[in-house]
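Inspection log for the structure reproduced underneath, given as structure tokens.
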Amino acid sequence: MVKPIEIVANECHLIPEFATPSSGYRLLEQLTSTVNWEQEVIRLFDKTHNSPRLSAWFGEAGTVYKYSGITRVALEWPEYLDEIRHQIEAFTEQDFNSVLLNYYRGGSDGMGKHSDDEEELGRNPVIASLSLGATRRFILHPKFAALGKSISVNLPHGSLMVMSGNCQKNWKHSVPKTKTPVGPRINLTFRKIYSC
Ligand SMILES: O=C(O)CCC(=O)C(=O)O
Ligand SMILES: [Mn+2]
């Protein structure tokens, strides 16, 4: 495993080859073919639109997560995610009780600027985000001028991005859409949800 690359000190690190290419492709194939992918309908300023990606949410029984006006009850963790979950828990020294999966079918799928700062994630959450498939750009957008400029980083197959500390307080993040042809990508964001 490659050493973490510091993207923002104490807040954001990238481990480029966290999962081996073959185990990553195996997971990608299992997730693509077995998950019941959903396209969320998002309500913004009294208008509804389809989310530009597919998603799914797995967690321990009874885990409920509210975001973007949606309440989601977790589906049961599939066993084939246990190994990677335990590797990520051992590496981050955190336990996670849920994982949000995002499926970007191509360049016209993306994720807008946001922070993962919902109450049920607690203060200074650790979020560990595994990338599988096509490399996509991930941008950190500073919330305060003193933090400087946006930071752009590529997230290759098998890489793990760990956001922690004040990352959600100081930065928003996004995965911009792109006109460059790109293949599918699945991203798994491991989170700990506290019941509120
Ligand atoms: O796809 C990614 O790398 C980011 C996903 C993300 O920010 C999220 O699920 O909240
Ligand atoms: Mn996020």
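Nothing in this text is a laboratory measurement; each read-out follows from the coordinates by a stated rule. Nothing here was measured: the structure is a model prediction, and the numbers come from that model. Here the Cβ is made from the backbone with ideal geometry for all residues, glycine too, and neighbour counts use every protein chain on show.
Tabulated results
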| quantity | calculated |
| --- | --- |
| Hey, residue 115 out of contact with any Cys (no Cβ under 9 Å at 6 or more places or on another chain) and surrounded by 15 or more Cβ atoms within 10 Å (Cβ to Cβ) or not | no |
| Search result, residues across the range 120-150 that are of a type in the set (A, V, I, L, M), within 15 Å of ligand 2 (Cβ to nearest atom) and touching a residue at least 40 places away in the same chain (Cβ under 8 Å) | 121, 126, 127, 128, 130, 140 |
| Residue match in the range 50-69 (condition: more than 17 Å from the chain's Cα centre (by Cα), closer than 25 Å to residue 151 by Cβ, among the small types (Gly, Ala, Ser) and more than 14 Å from ligand 1 (Cβ to nearest atom)) | no |
| Residue identified as buried (at least 22 other Cβ atoms within 10 Å of the Cβ) and among the basic types (Lys, Arg) among 185, 123 | 185 |
| One residue from 149, 177 being surrounded by fewer than 17 Cβ atoms within 10 Å (Cβ to Cβ) and either touching a Leu at 6+ places or on another chain (Cβ under 6 Å) or in a loop (DSSP other than H, G, I, E, B) (or both) | 149 |
| Matching residues in the range 110-146 - criterion: being in a loop (DSSP other than H, G, I, E, B) and in contact with a strand residue (DSSP E or B) (Cβ under 8 Å, 6 or more places away or on another chain) | 110, 115, 116, 118, 125, 126, 134, 135, 143 |
